[in-house]
Structures are given as structure tokens and as C-alpha cells.
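J.: Okay, handing you the structure first.
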Amino acid sequence: MHREQTGAAGDEASVGPLAGFTVGVTAARRADELGALLRRRGAEVMHAPALRIVPLADDSELLAATKQLIDDAPEVVVATTAIGFRGWIEAADGWGLGDALLDRLRGVRLLARGPKVRGAVRAAGLTEEWFPASESMAEVLDRLLEEGVEGRRIAVQLHGEPLPGFVESLRAGGAEVVGVPVYRWMPPEDIGPVDRLLDATVARALDAVTFTSAPAAASLLDRAERRGMRAELLDALRHDVLPACVGPVTALPLEAHDVPTAQPERFRLGPLVQLLTAELPGRVRPLPVAGRRLEIRGHAVVVDGELRTVPPAGMALLRALARRPGWVVARSELLRALPGGGRDEHAVETAMARLRTALGSPKLIQTVVKRGYRLALDPSAETKYADT
């Protein structure tokens with residue numbers, strides 16, 4: 001649903017920073033939380049989980065790895081995520097192996113990736129030997145390599161995320177590495193939402209797509225490849241639809257295809273949403289039109305601080321006019337801009353009438369007899385908006 005008008009003209013506080021924008025959410029886990037944060041700021045959200053998580057109780061690979069570590073203890077265990085470590089302990093409990101696993105972990109060197117992981121370790125009644133305040137796996141790797149890993153058996157709790165170079169570097173140093181695959185990812189059972197998100201991205205009906213895990217980004221690219229539309233998807237993400245990633249690891253599959261991504265300084269959902277609230281409105285250039293301030297957002301228009309919902313045909317016409325503000329755009333060109341095309345220029349007149357009604361001010365768009373239409377640009381006001 002589009003966000004309705006929430007206040008009188010000129011009341012900037014009545015329009016959320018993301019009002020009028022549509023954001024795609026590819027997350028499976030914590031998608032509700034992310035969607036709520038976006039909607040609270042006025043965004044329309046399209047949710048399409050690109051992956052599903054294999055239930056821990058049904059994960060035969062995790063069960064096998066757990067039994068292997070209980071039977072043959074490693075020297076070092078690296079815990080990489082708080083939710084993954086808690087999930088591992090809970091799953092072992094469900095299999096009747098919880099006490100045996102905890103006993104085994106009490107007898108090994110336990111390294112945690114950061115403070116949150118340390119909290120999960122201590123909640124299980126265990127004590128970590130060390131953790132980096134930076135939450136950096138690179139720092140964990142440096143510490144292990146400085147100590148020397150040749151001939152040592154090291155277990156690494158994985159979380160469905162790639163750890164670029166981590167396992168490879170340990171093995172290159174002579175270590176035997178045992179992966180503990182907590183929360184493995186699979187394609188979604190219902191692929192329909194993903195296909196709809198892909199179609200909307202390629203059609204530029206989305207303003208941004210968010211990614212909170214590298215597997216989700218890789219899965220979306222894989223689905224696009226299967227549908228023969230990966231080149232179109234990459235073009236949209238490179239030029240028109242903002243790909244917002246929670247961090248650099250998440251961005252790896254996209255950046256491998258030369259897709260520049262936006263990332264917050266802190267790798268959390270809150271900062272990710274804050275990034276979007278800065279980036280998306282920042283892409284909109286306010287236009288001084290007939291004494292009004294006009295902002296053309298994704299699926300709506302803000303006129304003097306008031307959100308106006310505009311039908312898709314009207315948005316197409318408005319974008320065509322805004323590409324050359326103040327210049328006359330011929331009816332034939334506007335006809336080509338309408339969704340679905342057509343040959344009857346009367347369709348332009350009908351869509352234009354509805355657009356003017358939606359904007360609430362007919363004077364914003366002028367009719368130039370026998371030629372076409374133009375945005376009533378007010379050049380004298382441009383300086384006024386240049387610094388806003």
C-alpha cells in the first residue's frame with residue numbers, strides 16, 4: 001500500500017524520509033524487523049526472501065559435525081556469530097548431545113569473534129580465551145597464524161556466510177579445519193516473490209534492494225541467471241536501483257559483478273536503514289515549479305512537503321517532463337513513455353488530467369497548444385533550493 005497524505009502542505013515533518021520510495025527486502029531472518037524500520041520511515045516494502053534456513057533439528061550435516069567433534073576433540077574452536085553458537089548448542093541439546101558437546105568445549109581453546117559472540121559463549125556456561133573488540137575475523141586469523149597453526153585441528157562455527165580467505169589461510173598454514181555448518185541456506189520453497197522482486201528491479205519499480213547476507217545476494221543473482229535476465233538485473237543495480245548491503249562480506253557477490261554497493265559504517269539493521277534515509281532522498285533533486293517545491297520520488301511526489309500518491313501512468317509522464325524541466329515535451333514522446341505504449345495520443349490527455357488531479361495543482365504542468373506539455377519551471381527559485 002502506498003502511504004497516504006499525512007499533513008498539510010508545507011509541513012515537512014508530515015512526510016517520512018522514505019515516503020514515496022519502494023525498498024526490496026531479500027532477508028529471510030529478521031525481515032519483519034527490517035520491514036518495520038523501513039515502513040516507520042514511510043517506505044513501501046516488497047519482501048522476497050531469497051533463501052530459507054535449513055531447520056537445525058533436521059540438519060544432518062550439523063549433526064555429523066557435532067558428533068565428530070565430540071568423538072575427536074579439536075585444539076581450537078572459533079565461534080563466529082552469537083545466534084549461530086546459541087543455535088548449535090540448542091540443536092545439540094535436542095539431539096541429546098548437549099552435555100557432551102559442552103564438556104568437549106570446556107576442554108578446548110575457545111575464540112569468539114567479538115563481544116556479542118562472547119555473550120553467547122558465556123550464556124552457555126563456557127569461557128572464551130580471547131576475542132577482538134573489532135569483531136573482525138581478520139584479527140582472529142592474524143592471531144592464529146602468529147601463534148602457528150601447522151598440525152593443529154581447528155573447528156570453525158560457520159553461519160551460512162562466506163569467510164573470505166579464513167579457512168583457506170588456516171589450511172595453507174598447515175591446519176586441519178573442521179567446519180561446523182550452523183544455519184545453512186537453501187533456495188526458497190516459493191520462488192514467486194523472488195521473481196516478482198526481480199521483475200520490479202529490472203523495471204525500475206524499486207528504488208533500493210537491501211541485502212543482509214552474502215548467500216541472499218548470490219541466490220538472487222543465480223535466479224536471475226536461470227531466468228536469462230542477469231545482465232538486465234546488473235544494469236539496474238549499477239545505474240538506477242540502489243543495492244544496500246549490511247556490510248562488505250554481504251556485498252561480495254554483487255561487487256564480483258562490478259555492482260557498486262552502499263554500506264553503513266556499523267554492520268547492523270538500524271544503520272542500514274539510516275543509510276537509506278540519507279541516500280534515497282539525496283538522489284532526488286527538488287524542482288521549483290510554479291511557485292512550489294516538487295520532489296519526484298519512486299512512486300509518489302512531494303509537493304511543498306505534502307506527499308501525493310500518483311498513478312503509474314502519471315509518474316511516467318512526470319518523469320518524462322522532469323528529464324527536461326521547463327522544455328516542451330511532445331505528445332508523441334509522452335505517449336511512448338506511458339506504460340504499455342499505445343498509438344492514441346488521447347491516452348496522454350487522460351493520463352495528464354489524472355496526474356494534475358493527483359498533484360493537487362493544475363498549474364504545475366502547462367499545456368502548450370499543438371505542441372505538448374511542460375513543467376512550469378521557475379528558474380528564479382532554483383538558487384533557493386540549491387542548498388536544501
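J.: Within segment 111-183, which helices (runs of 4 or more DSSP H) (wholly inside it) include 3 or more residues that are under 25 Å from A100 (Cβ atoms)? Before you say what the answer is, go through the steps one by one.
T.: On the way: elements: 115-123, 137-147, 166-172.
By residue number, 115-123.
J.: Now for a different question. Search segment 104-124 for residues that are within 19 Å of M137 (Cβ to Cβ) and among the small types (G, A, S) and pair each with any residue that is part of a helix (DSSP H, G or I) and open to solvent by less than 10 Å² (accessible area, probe 1.4 Å) when their beta-carbon atoms are under 7 Å apart and the residues are at least 6 apart or on different chains.
T.: A112/V121; A120/F85
J.: Kindly indicate the residue of segment 284-298 that is touching a strand residue (DSSP E or B) at 6+ places or on another chain (Cβ under 6 Å) and of a type outside the set (V, I, T) and also nearest to K363 (Cα to Cα) among those meeting that condition.
T.: Our first condition is that a residue be touching a strand residue (DSSP E or B) at 6+ places or on another chain (Cβ under 6 Å); within segment 284-298, this holds for 284, 286-287, 289, 292, 294-295, 298.
Pick out the ones that are also of a type outside the set (V, I, T) and you get 286-287, 292, 294-295, 298.
Numbers: P286: 17, L287: 14, R292: 10, L294: 12, E295: 16, G298: 22 Å.
Looking at the filtered set, the residue picked out is R292.
J.: Okay, next question. Checking the structure you have, find out if any residue of segment 87-102 is within 25 Å of P55 (Cβ to Cβ), under 25 Å from the mean Cα position of the chain (by Cα) and open to solvent by less than 10 Å² (accessible area, probe 1.4 Å).
T.: First, pick out the residues of segment 87-102 that are within 25 Å of P55 (Cβ to Cβ): 87-102.
From what is left, the residues that are under 25 Å from the mean Cα position of the chain (by Cα) are 87.
From the residues that got through so far, the ones that are open to solvent by less than 10 Å² (accessible area, probe 1.4 Å) too are 87.
Checked segment 87-102: at least one residue is within 25 Å of P55 (Cβ to Cβ), under 25 Å from the mean Cα position of the chain (by Cα) and open to solvent by less than 10 Å² (accessible area, probe 1.4 Å).
J.: Then there is this: Would you point out which residue out of V273, V284 is in contact with a Leu (Cβ under 6 Å, 6 or more places away or on another chain) and not polar (S, T, N, Q)? Explain how you work it out, then say what you get.
T.: On the way: V284 fails: in contact with a Leu (Cβ under 6 Å, 6 or more places away or on another chain).
It is V273.
J.: Is it the case that some residue within segment 223-233 is in contact (Cβ under 8 Å) with a residue 60 or more places away in the chain and either touching a helix residue (DSSP H, G or I) at 6+ places or on another chain (Cβ under 9 Å) or at negative phi (or both)?
T.: Yes, segment 223-233 contains at least one residue that is in contact (Cβ under 8 Å) with a residue 60 or more places away in the chain and either touching a helix residue (DSSP H, G or I) at 6+ places or on another chain (Cβ under 9 Å) or at negative phi (or both).
J.: Considering only residues that are more than 18 Å from A376 (Cα to Cα) and open to solvent by less than 40 Å² (accessible area, probe 1.4 Å), look in segment 321-347 and name the one that is modelled with the highest pLDDT.
T.: Here the answer is L335.
For every residue, the table says whether it meets (1) under 30 Å from L38 (Cα atoms); (2) open to solvent by 30 Å² or more (accessible area, probe 1.4 Å).
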residue: A124; (1), (2): no, no
residue: D142; (1), (2): no, yes
residue: L163; (1), (2): yes, yes
residue: V178; (1), (2): no, no
residue: P188; (1), (2): yes, no
residue: R196; (1), (2): yes, yes
residue: A203; (1), (2): yes, yes
residue: P215; (1), (2): yes, no
residue: L221; (1), (2): yes, no
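J.: Could you identify the single residue in V178, V241 that is among the β-branched types (V, I, T) and under 30 Å from K67 (Cα atoms)?
T.: Details: V241 fails: under 30 Å from K67 (Cα atoms).
Only one candidate passes the filter, namely V178.
J.: Looking at segment 272-320, which of its residues are part of a loop (DSSP other than H, G, I, E, B) and either in contact (Cβ under 8 Å) with a residue 24 or more places away in the chain or crowded, with 21+ Cβ neighbours inside 10 Å (or both)? Full working, then the answer.
T.: Start the filter on segment 272-320 by keeping residues that are part of a loop (DSSP other than H, G, I, E, B), which leaves 283-286, 290-291, 297-299, 304-305, 310-311.
Correct list: R283, P286, A290, G291, R297, G298, H299, D304, G305, V310, P311.
J.: Among A48, A31, which is the only one that is surrounded by 16 or more Cβ atoms within 10 Å (Cβ to Cβ), at pLDDT below 95 and touching a Pro at 6+ places or on another chain (Cβ under 9 Å)? Quick ask: steps written out before the conclusion?
T.: Working: A48 fails: at pLDDT below 95.
Among A48, A31, only A31 is surrounded by 16 or more Cβ atoms within 10 Å (Cβ to Cβ), at pLDDT below 95 and touching a Pro at 6+ places or on another chain (Cβ under 9 Å).
J.: Take the residues in segment 52-72 that are free of Cβ contacts under 8 Å to residues at least 60 places away in the same chain and of a type in the set (A, V, I, L, M, F, W, C); name whichever of them is farthest from S213 (Cα to Cα).
T.: Only one residue tops the list, namely I70.
J.: Ok, one more. May I ask you to list pairs of residues, at least six apart or on different chains, whose Cβ atoms are under 6 Å apart, with the first in segment 136-161 being within 20 Å of A73 (Cα to Cα) and the second being surrounded by fewer than 21 Cβ atoms within 10 Å (Cβ to Cβ) and charged (D, E, K, R)?
T.: R152/E75; R153/E75; R153/E176
J.: Residue by residue through segment 223-258, note down the ones that are small (G, A, S) and either open to solvent by 60 Å² or more (accessible area, probe 1.4 Å) or closer than 18 Å to T22 by Cα (or both). Don't jump to the end; show me each part of the working.
T.: First, the residues of segment 223-258 that are small (G, A, S): 224, 228, 231, 236, 244, 247, 251, 256.
Matches in segment 223-258: G228, A231, A236, A244, A256.
J.: Let me ask something additional. Say whether the condition of being in contact with a Phe, Trp or Tyr (Cβ under 7 Å, 6 or more places away or on another chain) and not in a loop (DSSP other than H, G, I, E, B) is met by at least one residue in segment 221-236.
T.: In the first step, residues of segment 221-236 are kept if they are in contact with a Phe, Trp or Tyr (Cβ under 7 Å, 6 or more places away or on another chain); the result is none.
Looking for residues that are in contact with a Phe, Trp or Tyr (Cβ under 7 Å, 6 or more places away or on another chain) and not in a loop (DSSP other than H, G, I, E, B), one finds none in segment 221-236, hence no.
J.: Please verify whether segment 302-312 includes one or more residues that are out of contact with any helix residue (DSSP H, G or I) (no Cβ under 6 Å at 6 or more places or on another chain) and of a type in the set (G, A, S).
T.: No, there is no match, as no residue in segment 302-312 is out of contact with any helix residue (DSSP H, G or I) (no Cβ under 6 Å at 6 or more places or on another chain) and of a type in the set (G, A, S).
J.: Looking only at segment 348-367, count how many residues are open to solvent by 30 Å² or more (accessible area, probe 1.4 Å) and touching a strand residue (DSSP E or B) at 6+ places or on another chain (Cβ under 7 Å). I'd like the intermediate steps shown before the answer.
T.: Within segment 348-367, the subset open to solvent by 30 Å² or more (accessible area, probe 1.4 Å) is 349-350, 353-354, 356-357, 360, 362-363, 366-367.
Cutting the leftovers down to touching a strand residue (DSSP E or B) at 6+ places or on another chain (Cβ under 7 Å) gives us 356, 360, 366-367.
Here the count works out to 4.
The values are calculated or read from the model by the stated rules, or taken from the named source; none is laboratory data. Quantities reported herein were computed from a predicted structural model and do not represent experimental measurements. Please note: Cβ atoms are built from the backbone with ideal geometry, for glycine as well, and neighbour counts cover all protein chains shown. Heads up: the accessible areas ignore ligands, DNA and RNA and are worked out on the full protein's heavy atoms, side chains in. Shrake-Rupley method; radii C 1.70, N 1.55, O 1.52, S 1.80 Å.
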